[in-house]
Structure formats: C-alpha cells, structure tokens
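No value in this document is a laboratory result; all are computed from the given coordinates. Nothing here was measured: the structure is a model prediction, and the numbers come from that model. All Cβ positions, glycine included, derive from the backbone under ideal geometry; neighbour counts span all protein chains shown.
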C-alpha cells in the first residue's frame, strides 16, 4: 500500500480505496468480512495494536467478527485491491493482549506510534480512531434523543425513530505561522511541555472563511493584524477529529502581545533561530514534535521553502 506522493504529514495518507459508493450495501460488506483476505486493525482505549518495530497489527476478518460485540464495533475502512480492511474497537477494562489477542503485540500510544510508523499506516489509524470516537460520542439522535444505529459500514448513523441521518464530523482548525519581514512569531501555551514554542492555532467558526479565521485568531492571541494569507498544507488530527489547515500569514507590524488566556508568551525568531529550534539546537527551547504540521510550517519557512506572500 503506497501513499500518494503529495501526502507529507502523518495521520494523512490513507492508501485504501474507500469504496464510499458501495458502503450502503450491507450484504456486500458482510461478504467482504467473511472473505479469506479480510483483515482488521484493532483499537482499545483509543490505542492501536502494534508489533515490535513498531508495526501495525492486522487480524483476520473472521477473528474481528468474532471479537466484535456488535456490528457497532466494526468500521469498514476500504479496499486494498480486492481485500477489505476494517477497524475493530474492543471495549472494556481487560487488556485484550492478555486474552484473545495474546502474543500478537501490545497496545501503544498513537502519537508515539505516528512518529515511527509509515505514513499510510498512520492514515489508517487516523481514519479508524476518528470514526470510532464519533460513534462513541454520537450514540443518540441529536434531533429526538432516541438511540441511533450505525449503518453504511460505520460511516453513517440513523435514528430508527425519526429517521434523521447523522454523518461523521470533521472540525476545521487553522494553524498559522505569522511573519513580519524576515522573522516569524511563535507562541507558547502554559499547558505544553516546558519551553515549547509552536505555531498559533484555533478553530474555524461557523460562517467564517479560512482567511478570516486566521486573521481573527492572530488578532485574538497576539494582537496583530493579518495582511496576507497563503495555504501551506493540511493534516488530519484524530483528537478526536480535526483537520489542521496550515497557513503562512503576514502581519502589519511586530508589536505582538500574548492574550494571556490561550498564550502565556510569544517570541519572534529569525530564520536561523527557527531552524535551530526545529533541529533541536535552540538552547532552553523545544519545538513541536516532527509528526505535527506545526513542525513542518516552521521548518519550511526557516529553510525558505515557502513562496513569498503577495
């Protein structure tokens, strides 16, 4: 399974044919699950099952069907050639590796795994975790309150009472690197690990464009006026289901002031200083981890890989 060449960030790069036009065929999906080539990755408490390496573990479709308490715990991810790939969520406090999955691996923290797994594997994990978390948080119809049912391979929920259909949500977030002249602005939240500085970020609000969200967040968090915005790249972020929209923006001046609510401090950096930061050479300071889009924003700007704003 190869990742498309334009994918650059972990949690993107799902390599499967999602077969979205066939998800409504329950009999087709059931037949796929029973086929010899069917397989499933496994999540427990939001953590994936991993073999040493690490390597993403897949179990046979028949075993996944056996371990699933109900169809609610299985999600159809798509096709790898003719073989179906599913995600299985196991609930409960008992570690499955001490029971039915003994000897297959251990459950590991997904952020740590994303730093070392191939990008296609992280894309599968991102899709799986987002869908299963959505199921867990939306078990009841928001229109009438009745318990809803999962259909379309786990990609839709329908209320049997009022027939309202519910679909997985993705929350867009802007994450931006403000620049002024040959310097960029980084911010720090008090909740982060000590001395970490990163790009600014915030959710896109209803009725707001990406550019407007960027300008609002920069104004709110750092007191600066955005004068130009350019798209860099995007990254799915499955905590629980965000889409990080990476931007480089230009601001009107360098008189930044942290709002002291979301940011406790801000810091201007030259390209050389920003390069040292992402290279781990900035004394007393740490960068966002390499698997995060913020790291790529800072590095690409520091290395002059982003086009000038106009």
- Message: When a/c reaches 1.5 or more, the comparison of a/b and b/c decides; with that in mind, is the stretch 130-288 rounded, prolate or oblate per its Cα gyration tensor?
- Response: prolate
- Task: Take every Cα pair under 8 Å in the stretch 107-238 that's 6+ residues apart, average their separations, divide by the length, and report that relative contact order as a whole percent.
- Result: 16
- Item | Relative packing of peptides 135-146, 52-63 - highest average C-beta neighbours within 10 Å first | 52-63, 135-146
- Message: Over the stretch 20-137, what portion of Cα pair distances is larger than 24 Å, expressed as a whole percent?
- Response: 20
- Message: Tell me the angle of helix 119-137 to the major Cα principal axis of the chain, expressed in degrees between 0 and 90 and rounded to the nearest ten.
- Response: 70
- Item | Length-normalised contact order for the chain - Cα pairs under 8 Å, 6+ apart - percent | 16
- Task: Using only Cα atoms, tell me the angle between helix 210-222 and the longest principal axis of the chain; keep it within 0 to 90° and round to the nearest 10.
- Result: 60
- Taking only DSSP H segments of four or more residues, each worth -39500 (n - 2.57), what value at 222 nm results for the chain once the sum is divided by all its residues, to the nearest 500 deg cm²/dmol? -7000 deg cm²/dmol
- Percent of alpha-carbon pairs separated by more than 30 Å within the chain: 42
- Message: What whole-number distance in Å separates the alpha-carbon centres of the stretch 161-195 and the stretch 71-91?
- Response: 29
- Task: Relative to the longest principal axis of the C-alpha atoms of the chain, give the angle of the C-alpha long axis of helix 293-302, reported between 0 and 90° and rounded to the nearest 10°.
- Result: 30
- Message: If you build the convex hull over the alpha carbons only and average its shadow over all orientations, what do you get for the stretch 108-174? Give it in nm² to one decimal.
- Response: 5.9
- Message: Springs between alpha-carbon pairs under 10 angstrom, Gaussian network model over the chain: which of 33, 41, 101 fluctuates most?
- Response: 101
